[in-house]
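This is the structure I want to talk about, given as structure tokens.
The values are calculated or read from the model by the stated rules, or taken from the named source; none is laboratory data. These numbers were taken from a predicted model, which means no experiment stands behind them. For neighbour counting, all protein chains shown are included, and Cβ atoms are generated from backbone atoms with ideal geometry for every residue, glycine included.
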Amino acid sequence: MKHFSRIFFILLIYFLIFFQFTVKGFSLVDFELWNGLQLNYPAESAVASPTSRLRAYLNYITAESNISLHFCLQSLYAPTNTGSTPLLAFPNDVSHISIHPDNKIVELYSGYASYKLSYFSAFVGMIDPDHFGPDGKGFYQNIFCGNENNGFLNPGFLRLWANNGIEQYYNKSIPSFFLRFEWNEWRFTAGATFGAALEHLFVRNTFPFELEYKTERIHLSISVGLCDADSSTVHKVSPSYGAIAEWNFIDRWAFFVRYSTVEPDITTYRTPKNITNADPFRVAKEFNPYCQHFSTGIVFSRNTIGMGLGYSILQSFNAPLPEHVLEFFLRLRIFDLFEISPDFQLFINPGGDNTYGYHWQNAPEYEFLFNPEKDGSPRYVWIAGIRVYYPFSL
């Protein structure tokens with residue numbers, strides 16, 4: 001997919017140059033600076049390396065047609081994970097921030113073209129399925145409860161993890177083609193993504209569908225995800241389902257519930273006959289390690305202050321236990337310039353494991369915090385951090 005992406009980006013840049021000199025239009029440039037620090041307990045390294053991210057959004061909008069071009073450039077210190085900056089992410093991934101930093105001086109994070117009519121929009125290019133379109137809302141998103149910049153930080157509250165309609169866990173941006181229809185309070189979005197396309201476009205694909213209903217008080221979303229993979233050698237289709245309900249019940253207060261699940265793979269006309277001992281989730285596991293996900297919470301949001309409290313439960317295919325997360329964040333706007341957000345998360349059985357066969361049990365505090373003699377006793381870890389967010393425009 002890397003070679004395909006480079007060729008696609010080069011073609012898009014030439015296309016942009018062509019538009020600049022042949023079509024009248026105007027450009028918009030927006031920036032966002034994201035910084036954070038977190039403390040983990042217990043862990044090999046209690047303080048993780050600071051996370052820094054600078055993004056620039058460039059939008060070229062034509063004046064005489066409905067075509068526009070969108071680019072996002074990113075400079076990042078710290079590894080990218082689960083489609084977002086990994087501050088306060090899953091604790092079994094936290095130590096990698098300090099041990100294996102992924103320093104990216106600059107990269108073209110996304111680049112795509114869009115076409116819009118009154119009720120219809122089309123998007124094609126290298127797209128972040130979590131963030132595209134004029135309102136920045138991609139697939140399977142909360143509308144009243146914020147995003148990773150102004151809401152929860154844990155990915156368990158930002159996405160439907162057990163919905164394989166988009167390959168967001170492994171690919172932050174991916175070659176995609178999306179269609180969107182909007183009529184009054186209704187919105188329908190569908191399309192296709194093309195992942196791991198090193199040799200051709202159909203090595204691994206997803207097909208998301210989402211129907212939304214939104215008013216000033218209520219937001220409902222029903223979604224279906226389909227994915228297939230030639231590389232699985234079984235040529236089946238993996239279905240998944242998800243739903244989101246949000247209720248803006250009092251001014252500035254919102255309550256949300258999210259649920260998603262992955263179903264066993266479906267046999268197609270290409271599936272080899274007489275398959276024995278086949279994993280019923282073989283295709284699904286190529287796209288996402290999680291088979292069931294639930295999260296709920298409440299958020300208060302104003303221009304100068306915000307806060308949220310949420311609970312999430314996440315079950316993976318290969319873990320014996322579900323992972324539970326409790327998160328609280330506070331958001332304060334300082335001098336009407338930037339926002340600062342303290343955040344606290346408590347994990348029970350992080351990674352779905354109560355034995356901690358990875359770096360957690362290497363911490364010197366492990367024997368004092370947990371009771372290794374009690375079989376099946378839950379394991380607790382906590383993460384405390386702070387996020388600083390500063391957006392500006394040219």
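Restricting attention to region 336-345, does a residue exist that is among the charged types (D, E, K, R) and surrounded by 16 or more Cβ atoms within 10 Å (Cβ to Cβ)?
Checked against the condition, which is being among the charged types (D, E, K, R) and surrounded by 16 or more Cβ atoms within 10 Å (Cβ to Cβ), region 336-345 yields at least one hit.
Can you find, within region 154-211, the residue that is surrounded by the most Cβ atoms within 10 Å (Cβ to Cβ) among those that are in contact with a helix residue (DSSP H, G or I) (Cβ under 7 Å, 6 or more places away or on another chain) and either without any contact (Cβ under 8 Å) to a residue 24 or more places away in the chain or not in a loop (DSSP other than H, G, I, E, B) (or both)?
The qualifying residue surrounded by the most Cβ atoms within 10 Å (Cβ to Cβ) is R204.
I'd like the full set of residues that are under 19 Å from I298 (Cα atoms), free of Cβ contacts under 8 Å to residues at least 24 places away in the same chain and not small (G, A, S), limited to region 239-281.
Answer for region 239-281, where residues must be under 19 Å from I298 (Cα atoms), free of Cβ contacts under 8 Å to residues at least 24 places away in the same chain and not small (G, A, S): I250, D251.
Just a yes or no: is a residue in region 268-281 touching a helix residue (DSSP H, G or I) at 6+ places or on another chain (Cβ under 8 Å) and surrounded by fewer than 20 Cβ atoms within 10 Å (Cβ to Cβ)?
Among the residues of region 268-281, at least one is touching a helix residue (DSSP H, G or I) at 6+ places or on another chain (Cβ under 8 Å) and surrounded by fewer than 20 Cβ atoms within 10 Å (Cβ to Cβ), which makes the answer yes.
What are the residues in region 327-349 that are without any contact (Cβ under 8 Å) to a residue 24 or more places away in the chain and under 21 Å from V381 (Cβ atoms), if any?
Result: F328, single match.
Regarding region 269-287, can at least one residue be identified that is in contact with a His (Cβ under 6 Å, 6 or more places away or on another chain) and basic (K, R)?
The answer is yes, given that some residue of region 269-287 is in contact with a His (Cβ under 6 Å, 6 or more places away or on another chain) and basic (K, R).
Give region 110-124 a look and list any residue that's farther than 14 Å from T62 by Cβ and not hydrophobic (A, V, I, L, M, F, W, C), or say none.
S110, G111, Y112, S118, Y119, S121, listed by residue number.
May I ask you to list the residues in region 228-249 that are outside any strand (DSSP E or B), touching a strand residue (DSSP E or B) at 6+ places or on another chain (Cβ under 8 Å) and not small (G, A, S)?
D230, H235, listed by residue number.
Only residues that are buried (at least 16 other Cβ atoms within 10 Å of the Cβ), out of contact with any Gly (no Cβ under 6 Å at 6 or more places or on another chain), of a type outside the set (F, W, Y) and under 30 Å from N150 (Cα atoms): list them for region 246-267, please.
Result: E246, N248, A254, R258, T261, V262.
Go through region 250-263 and give me each residue that's at pLDDT below 90 and not in a strand (DSSP E or B).
Answer for region 250-263, where residues must be at pLDDT below 90 and not in a strand (DSSP E or B): D251, R252.
Of the residues that sit in region 134-147 and are touching a Ser or Thr at 6+ places or on another chain (Cβ under 7 Å) and buried (at least 22 other Cβ atoms within 10 Å of the Cβ), which one is nearest to Q292 (Cα to Cα)?
Y140
Suppose we keep only residues that are crowded, with 18+ Cβ neighbours inside 10 Å and not polar (S, T, N, Q) within region 295-307. Which one would you say is nearest to G195 (Cα to Cα)?
So, considering only residues that are crowded, with 18+ Cβ neighbours inside 10 Å and not polar (S, T, N, Q), the one nearest to G195 (Cα to Cα) is G297.
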